[in-house]
1. Filtering the stretch 169-186 down to residues that are in contact (Cβ under 8 Å) with a residue 12 or more places away in the chain and assigned to a loop (DSSP other than H, G, I, E, B), which residue is least open to solvent (accessible area, probe 1.4 Å)?
2. Kindly indicate which of R38, R8 is of a type in the set (K, R) and part of a strand (DSSP E or B).
3. For the structure I just gave you, tell me whether S11 is of a type in the set (G, A, S) and open to solvent by 60 Å² or more (accessible area, probe 1.4 Å).
4. Select from the stretch 14-34 the residues that are more than 20 Å from R177 (Cα to Cα) and hydrophobic (A, V, I, L, M, F, W, C) and list them in ascending order.
5. Going by what's in this entry, would N48 be described as open to solvent by 30 Å² or more (accessible area, probe 1.4 Å) and modelled with pLDDT under 85?
6. Keeping to the stretch 76-100, report how many residues are open to solvent by 20 Å² or more (accessible area, probe 1.4 Å) and either under 23 Å from T178 (Cβ atoms) or in contact with a Gly (Cβ under 9 Å, 6 or more places away or on another chain) (or both).
7. Checking the conditions here, which among D118, D103 is acidic (D, E), surrounded by 12 or more Cβ atoms within 10 Å (Cβ to Cβ) and out of contact with any strand residue (DSSP E or B) (no Cβ under 7 Å at 6 or more places or on another chain)?
8. Name the residues in the stretch 14-36 that are over 13 Å from T53 (Cα atoms), more than 17 Å from the chain's Cα centre (by Cα) and surrounded by 10 or more Cβ atoms within 10 Å (Cβ to Cβ), would you?
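The values are calculated or read from the model by the stated rules, or taken from the named source; none is laboratory data. Predicted model, so just to flag it, every value in this text is computed and none were measured. In this analysis, Cβ positions are derived from the backbone assuming ideal geometry, glycine residues included, and neighbour counts consider all displayed protein chains. Note: areas computed on protein heavy atoms with side chains; ligands, DNA, RNA excluded. Shrake-Rupley method; radii C 1.70, N 1.55, O 1.52, S 1.80 Å.
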Amino acid sequence: MITTADFRNGSRLELDGQPYYIVEFQHVKPGKGGAFVRTKLKGYKTGNVIDRTFRSGEKFDEPNLEECDMQFLYNAGEEYAFMDISSFEQFTYLKNQLGENVDLLKENTVVKILLYHDEPIAVELPVFMELKVVETDPGIRGDTASGGTKLAVVETGASVKVPLYLVTGEVIKIDTRTRSYVERVR
């Protein structure tokens, strides 16, 4: 069981039979009446963000989530193949089962797959991934009206905003939580 006192960003809870995690929360103690907690919850299955208010002290079930360390092998269209590191079993999952950052997956990367009742609902990537830029427009000197960034396509096919000075062929470090450029890898 998890109570409102245990709420933290990223905490998981089950609400209406669905698994959610807390994106944002705020404890409120008004001058009159009881304390309450405002939250923004994101559904693992749907990806929808909902706003909910709970009375202080309410209890919730923790979702039956299982984390498995798996190595990403390859993708064939909409299907992604993984190998369980401990048992060496291979599993194939559909792209829509794996969450929104699946396009940042690079072959042989070890990831955590969240299973809810033996069904995958999300992939937790490493915080930073090093990927090669395969396509980007050349930066034009003096072109900073757009904030000094441009779109680049990395080796996995994902699009990321990068600074103007980056060129095709460079390896960059990406923060997978925000999908943002961090630095060049030398």
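1. T176
2. Only one candidate qualifies: R38.
3. no
4. The answer is L15, V28.
5. Yes, satisfied.
6. Looking only at that region, the number is 5.
7. D103
8. Of everything in the stretch 14-36, those that are over 13 Å from T53 (Cα atoms), more than 17 Å from the chain's Cα centre (by Cα) and surrounded by 10 or more Cβ atoms within 10 Å (Cβ to Cβ) turn out to be E14, Q18.
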